[in-house]
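*Asks:* One structure coming up, written as structure tokens, with questions to follow.
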Amino acid sequence: MKHLYYALLLWATIASAQPADTTFVYLNNGCVDAYPADLATVGDMVGGTLEVTWNDNTIVSYAADDIACVTHKGPTDLPQLTSFKINNKFNDQVYTDVEATVSDRRIDLQLGCIGRWLTPSFQLSDEQAAAYIGSELQRSKISRRRYDTDVTYTIALPGMQILRRRQTSDGHPQKYAMEPYGRDYTLHIDWLTDHATNVPTVNINIENGQMVSSKDYYLNAEISIDGSGVFPSMGATAVQIKGRGNSSWSSNPWDKNPYRLKFDKKQKPFGLSNAKSWVLLANKQKGSMLSNAIGMKAACLAETAAANHMIPVELYINGDYRGSYNFTEKIGFAGNSIDLDDETDAVLIELDTYYDETYKFHSDPYRLPVNIKEPDFSEGETQLTLDDIKGDFNHVMQQLKEGQEIAELVDLEYLARYLLVNELIMNFELMHPKSTYLYKERVKGGSKYIFGPVWDLDWAYGYELNYKYCVGEEQANYYNRVNMEANQFMHDLRYVSPKLDRTYYKVWTRFMRNSLDELIDFCADYYAYARSSLEHNYQKWGDGNNYAVSATNAANWLRQRAEYIYSHLTAYELTDEEINGETGINDVLIRDARWTTGLADVYNLQGICVKRQVPVSELRSTLPPGLYLVNGNKFVIK
């Protein structure tokens with residue numbers, strides 16, 4: 001009699017309701033399922049069961065005992081999105097925090113940055129609520145995706161879902177699935193780079209109209225920056241300028257030379273971190289205008305130590321156009337590079353065959369040329385001596401040469417990230433060695449050496465092998481270069497430590513899953529923004545008219561090389577924590593009562609049932625890693 005009562009009650013509810021777009025099935029466990037009229041048909045109660053037929057012929061059945069009511073009235077007091085922000089802490093190409101305007105159903109944001117991958121920060125009105133795009137859970141300060149077009153965020157409480165139809169991009173029929181139901185917000189980003197007619201302009205006027213002709217002394221000057229509507233501008237500010245670089249420097253002051261800038265007080269040009277010293281990279285080698293920007297983006301994505309940022313600029317000196325440059329941080333102990341709390345016990349080393357620093361030595365063993373970049377002993381701001389640094393560094397080299405574990409002496413996580421970037425872009429500078437940086441915060445205090453920052457990338461991407469960028473050599477063996485001076489050191493560094501081997505596989509796994517697509521996209525994004533500057537540079541220096549092809553080649557080459565390297569690594573069984581790091585992202589599922597109890601059929605993305613009637617609590621322990629459909633929702637096992 002009880003089932004008959006519920007059947008009559010439900011039939012009366014459905015039959016007497018006024019026509020509406022959506023039918024809501026309220027369940028006794030607090031869940032709510034919504035069915036738009038154009039996507040599904042809610043049938044009659046038959047034998048104590050209510051059936052809903054989707055337009056793709058999927059049938060969902062409800063027992064009368066499980067249903068509280070069926071109505072065309074949806075839930076009220078849905079949770080809201082209360083704030084939405086793009087924080088530069090979580091977005092390497094964003095240099096100023098940007099707060100969006102959140103209205104009833106919209107999120108409006110104006111943003112100036114190169115690249116369209118973002119990690120938003122947001123807050124919700126209810127701590128039980130969650131944010132979704134489609135069925136994918138979005139986590140504040142963690143979730144990252146590309147924002148090419150407007151997207152819809154759904155703010156939903158657990159257990160509320162609605163039937164949606166999604167158009168596939170691969171030509172397959174439209175897919176039907178239950179997705180979170182709640183308050184929808186459309187995010188619209190006004191990309192300031194779309195409105196920019198050129199990259200920022202840097203104007204430097206040198207005292208008495210002089211031109212930079214030396215790396216040894218500074219000239220007094222004044223700098224101003226026009227951010228071109230994308231980056232912050234800077235009014236006329238006192239600065240000093242001199243030459244820099246090794247093979248890139250020319251004694252001809254009218255050549256396309258690189259420069260070093262030094263302010264009297266700390267500045268934040270372009271919104272970058274506060275510091276006095278900065279660099280203008282010339283990228284003067286033919287075909288190299290994208291190399292540093294793409295490589296440093298890889299370093300940011302891999303989270304190497306003190307990764308640099310590359311901002312394309314048009315440089316004018318004394319009113320004369322000098323070409324397209326990259327404005328970037330100067331490597332050193334500073335707030336915009338290696339930012340340490342205490343530098344008195346710290347050392348920054350550069351392994352470099354130019355061997356041109358005041359304080360230097362050759363390592364024992366390996367005979368590596370060791371330049372001491374920091375500290376400057378003449379300034380008296382350190383407690384270290386040259387012998388302290390020499391003895392400490394040689395101890396690491398001796399351990400390495402003898403084939404002993406180096407995990408207690410070198411930070412393996414940062415070493416793995418550093419090697420990943422250099423192997424990926426095939427930067428053989430390390431094999432000579434040149435521009436190979438590492439530092440230690442406490443030489444006497446017993447901290448570990450950290451490899452980085454990554455630097456000097458204009459001979460990478462296969463250029464050193466065939467004098468072409470991103471053309472061939474995708475499968476070149478990075479660690480087997482017998483004709484290079486430091487090849488034995490680099491080979492030992494990569495393979496001496498079993499712990500490093502596992503760490504290397506871990507950071508590569510993270511990179512392949514979370515960062516490779518963004519790096520590939522960045523190639524085209526950077527070119528699109530810098531294109532007019534590259535063309536202007538071509539008019540001045542004859543280099544810059546084929547970079548559309550170069551950007552495409554770089555994207556294809558990087559993907560092929562990454563896949564080749566990753567497929568040849570020793571594979572290890574990794575935990576979720578190892579793969580995801582501190583993000584804690586383990587899945588993109590809808591969390592409600594139906595995900596913690598009961599049985600479920602599991603389908604792959606091709607619609608084939610791979611397991612039937614699996615206890616939901618055992619899904620993770622019974623399925624291999626992959627993407628599945630469970631109860632009409634995506635379920636990821638990593």
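*Asks:* Could you tell me how many of the residues in the range 241-291 are open to solvent by 20 Å² or more (accessible area, probe 1.4 Å), in a strand (DSSP E or B), more than 27 Å from Arg531 (Cα to Cα) and in contact (Cβ under 8 Å) with a residue 24 or more places away in the chain?
*Replies:* 7
*Asks:* State yes or no: is Gln210 farther than 30 Å from Asn246 by Cα and open to solvent by 60 Å² or more (accessible area, probe 1.4 Å)?
*Replies:* It is false that Gln210 is farther than 30 Å from Asn246 by Cα and open to solvent by 60 Å² or more (accessible area, probe 1.4 Å).
*Asks:* Taking the stated definitions as given, is Leu465 hydrophobic (A, V, I, L, M, F, W, C), touching a Phe, Trp or Tyr at 6+ places or on another chain (Cβ under 9 Å) and surrounded by fewer than 22 Cβ atoms within 10 Å (Cβ to Cβ)? Can you show your working first?
*Replies:* Details: hydrophobic (A, V, I, L, M, F, W, C): yes; touching a Phe, Trp or Tyr at 6+ places or on another chain (Cβ under 9 Å): yes; surrounded by fewer than 22 Cβ atoms within 10 Å (Cβ to Cβ): yes.
Answer is yes for this residue.
*Asks:* State all residues of the range 83-99 that are open to solvent by 10 Å² or more (accessible area, probe 1.4 Å) and either free of Cβ contacts under 8 Å to residues at least 24 places away in the same chain or not small (Gly, Ala, Ser) (or both); if no residue qualifies, say none.
*Replies:* Lys85, Asn87, Asn88, Lys89, Phe90, Asp92, Gln93, Tyr95, Thr96, Asp97, Val98, Glu99
*Asks:* Let me ask something else. Quick check on my filter: what residues within the range 146-164 are surrounded by fewer than 16 Cβ atoms within 10 Å (Cβ to Cβ) and either in a strand (DSSP E or B) or over 28 Å from the mean Cα position of the chain (by Cα) (or both)?
*Replies:* Arg146, Thr152, listed by residue number.
So that you can scan it fast, the table gives a plain yes or no per residue for (1) touching a residue at least 24 places away in the same chain (Cβ under 8 Å); (2) polar (S, T, N, Q); (3) at negative phi; (4) open to solvent by less than 50 Å² (accessible area, probe 1.4 Å):
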site: Lys444; (1), (2), (3), (4): yes, no, yes, no
site: Ile450; (1), (2), (3), (4): yes, no, yes, yes
site: Ala460; (1), (2), (3), (4): yes, no, yes, yes
site: Val496; (1), (2), (3), (4): yes, no, yes, yes
site: Thr509; (1), (2), (3), (4): yes, yes, yes, yes
site: Asp525; (1), (2), (3), (4): yes, no, yes, yes
site: Leu534; (1), (2), (3), (4): yes, no, yes, yes
site: Lys540; (1), (2), (3), (4): yes, no, yes, no
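*Asks:* When you look at Gly403, is it on the phi > 0 side of the Ramachandran plot, outside any helix (DSSP H, G or I) and more than 27 Å from the chain's Cα centre (by Cα), yes or no?
*Replies:* So Gly403 fits the description; yes.
*Asks:* Just need a number here: residues in the range 302-330 that are open to solvent by 20 Å² or more (accessible area, probe 1.4 Å) and over 10 Å from Asn203 (Cα atoms).
*Replies:* So the answer is 5.
*Asks:* Could you tell me whether any residue of the range 126-135 is touching a residue at least 12 places away in the same chain (Cβ under 8 Å), more than 27 Å from Pro232 (Cα to Cα), charged (D, E, K, R) and surrounded by fewer than 21 Cβ atoms within 10 Å (Cβ to Cβ)?
*Replies:* Let us first name the residues in the range 126-135 that are touching a residue at least 12 places away in the same chain (Cβ under 8 Å), namely 126, 128-135.
From the residues that got through so far, the ones that are more than 27 Å from Pro232 (Cα to Cα) too are 126, 128-135.
Subset that is charged (D, E, K, R): 126.
From what is left, the residues that are surrounded by fewer than 21 Cβ atoms within 10 Å (Cβ to Cβ) are 126.
Scanning the range 126-135, I find at least one residue that is touching a residue at least 12 places away in the same chain (Cβ under 8 Å), more than 27 Å from Pro232 (Cα to Cα), charged (D, E, K, R) and surrounded by fewer than 21 Cβ atoms within 10 Å (Cβ to Cβ), so the answer is yes.
*Asks:* Now for a different question. Please verify whether the range 172-191 includes one or more residues that are of a type in the set (Ser, Thr, Tyr), open to solvent by 30 Å² or more (accessible area, probe 1.4 Å) and part of a loop (DSSP other than H, G, I, E, B).
*Replies:* Checked the range 172-191: no residue is of a type in the set (Ser, Thr, Tyr), open to solvent by 30 Å² or more (accessible area, probe 1.4 Å) and part of a loop (DSSP other than H, G, I, E, B).
*Asks:* Restrict the check to the range 174-187 and report whether at least one residue is at pLDDT below 95 and among the small types (Gly, Ala, Ser).
*Replies:* yes
*Asks:* Looking only at residues in the range 27-62 that are among the acidic types (Asp, Glu) and closer than 17 Å to Lys73 by Cα, which one is farthest from the chain's Cα centre (by Cα)?
*Replies:* Filtering the range 27-62 for residues that are among the acidic types (Asp, Glu) and closer than 17 Å to Lys73 by Cα, the one farthest from the chain's Cα centre (by Cα) comes out as Asp38.
*Asks:* Also: Do we find a residue being farther than 26 Å from Ser567 by Cα, at pLDDT below 95 and open to solvent by 10 Å² or more (accessible area, probe 1.4 Å) anywhere in the range 435-442?
*Replies:* Initially, the range 435-442 is screened for residues farther than 26 Å from Ser567 by Cα, giving 435-442.
Subset that is at pLDDT below 95: none.
There is no residue in the range 435-442 that is farther than 26 Å from Ser567 by Cα, at pLDDT below 95 and open to solvent by 10 Å² or more (accessible area, probe 1.4 Å).
*Asks:* Does Val347 meet the test of being surrounded by 14 or more Cβ atoms within 10 Å (Cβ to Cβ), in contact with a His (Cβ under 9 Å, 6 or more places away or on another chain) and on the phi < 0 side of the Ramachandran plot? Explain how you work it out, then say what you get.
*Replies:* Values: surrounded by 14 or more Cβ atoms within 10 Å (Cβ to Cβ): yes; in contact with a His (Cβ under 9 Å, 6 or more places away or on another chain): no; on the phi < 0 side of the Ramachandran plot: yes.
No, not satisfied.
*Asks:* Related question: Counting only residues that are modelled with pLDDT under 70, give me the helices (runs of 4 or more DSSP H) lying completely in the range 531-638 with at least 3 of them.
*Replies:* Numbers: elements: 547-567, 576-580, 619-622.
It comes to 619-622.
*Asks:* Would you confirm, using the coordinates I've provided, whether Ala40 is free of Cβ contacts under 8 Å to residues at least 60 places away in the same chain, of a type in the set (A, V, I, L, M) and farther than 19 Å from Tyr153 by Cα? Explain how you work it out, then say what you get.
*Replies:* Values: free of Cβ contacts under 8 Å to residues at least 60 places away in the same chain: no; of a type in the set (A, V, I, L, M): yes; farther than 19 Å from Tyr153 by Cα: yes.
Judged against the criteria, Ala40 is not a match.
*Asks:* Now for a separate question. Is the range 376-389 home to any residue that is under 16 Å from Ile450 (Cβ atoms) and either assigned to a helix (DSSP H, G or I) or of a type in the set (Gly, Ala, Ser) (or both)? Walk me through it before giving the result.
*Replies:* Filtering the range 376-389 for residues under 16 Å from Ile450 (Cβ atoms) gives 389.
With either assigned to a helix (DSSP H, G or I) or of a type in the set (Gly, Ala, Ser) (or both) added as a condition, the list becomes 389.
Yes - at least one qualifying residue is present in the range 376-389.
*Asks:* Being hydroxyl-bearing (Ser, Thr, Tyr) and at pLDDT below 95, is that true of even one residue in the range 371-381?
*Replies:* Yes, the range 371-381 has at least one match.
*Asks:* Could I ask something else about it? For the range 114-141, which residues satisfy the criterion of being within 25 Å of Lys175 (Cβ to Cβ) and of a type in the set (S, T, N, Q)?
*Replies:* Ser135, Gln138
*Asks:* Restricting to the range 457-481, count the residues that are closer than 17 Å to Leu290 by Cα, touching a helix residue (DSSP H, G or I) at 6+ places or on another chain (Cβ under 8 Å) and basic (Lys, Arg).
*Replies:* Looking only at that region, the number is 0.
*Asks:* Restricted to the range 213-237, and to residues that are of a type in the set (D, E, K, R) and under 15 Å from Trp278 (Cα atoms), which residue is most open to solvent (accessible area, probe 1.4 Å)?
*Replies:* Glu222
*Asks:* May I pose another question? For the range 420-432, check the following and say yes or no: at least one residue is open to solvent by 20 Å² or more (accessible area, probe 1.4 Å), in a loop (DSSP other than H, G, I, E, B) and either closer than 20 Å to Ser363 by Cα or acidic (Asp, Glu) (or both).
*Replies:* Yes: the range 420-432 contains one or more residues that are open to solvent by 20 Å² or more (accessible area, probe 1.4 Å), in a loop (DSSP other than H, G, I, E, B) and either closer than 20 Å to Ser363 by Cα or acidic (Asp, Glu) (or both).
*Asks:* If you don't mind, there's one more thing I want to ask. Restricting the search to the range 1-36, which residues are outside any helix (DSSP H, G or I), at pLDDT below 95 and among the small types (Gly, Ala, Ser)?
*Replies:* If the condition is that a residue be outside any helix (DSSP H, G or I), at pLDDT below 95 and among the small types (Gly, Ala, Ser), then Ala17, Ala20, Gly30 are the ones that fit.
*Asks:* Could you grab me the full set of residues in the range 71-129 that are of a type in the set (Gly, Ala, Ser) and touching a helix residue (DSSP H, G or I) at 6+ places or on another chain (Cβ under 9 Å)?
*Replies:* If the condition is that a residue be of a type in the set (Gly, Ala, Ser) and touching a helix residue (DSSP H, G or I) at 6+ places or on another chain (Cβ under 9 Å), then Gly112, Gly115, Ser121 are the ones that fit.
*Asks:* Which of the residues that make up the range 498-507 are open to solvent by 10 Å² or more (accessible area, probe 1.4 Å) and over 11 Å from Leu420 (Cβ atoms)?
*Replies:* Those that are open to solvent by 10 Å² or more (accessible area, probe 1.4 Å) and over 11 Å from Leu420 (Cβ atoms): Pro498, Lys499, Asp501, Arg502.
*Asks:* Among the residues of the range 106-148, write down those that are touching a Phe, Trp or Tyr at 6+ places or on another chain (Cβ under 9 Å), farther than 18 Å from Thr82 by Cβ and among the polar types (S, T, N, Q).
*Replies:* Gln110, Thr119
The values are calculated or read from the model by the stated rules, or taken from the named source; none is laboratory data. Just so it is clear, the structure is predicted and the values come from calculations on it, not from any experiment. All Cβ positions, glycine included, derive from the backbone under ideal geometry; neighbour counts span all protein chains shown. When the accessible area is computed, the model is the full protein with side chains, heavy atoms only, and any ligands, DNA or RNA have been set aside. Shrake-Rupley method; radii C 1.70, N 1.55, O 1.52, S 1.80 Å.
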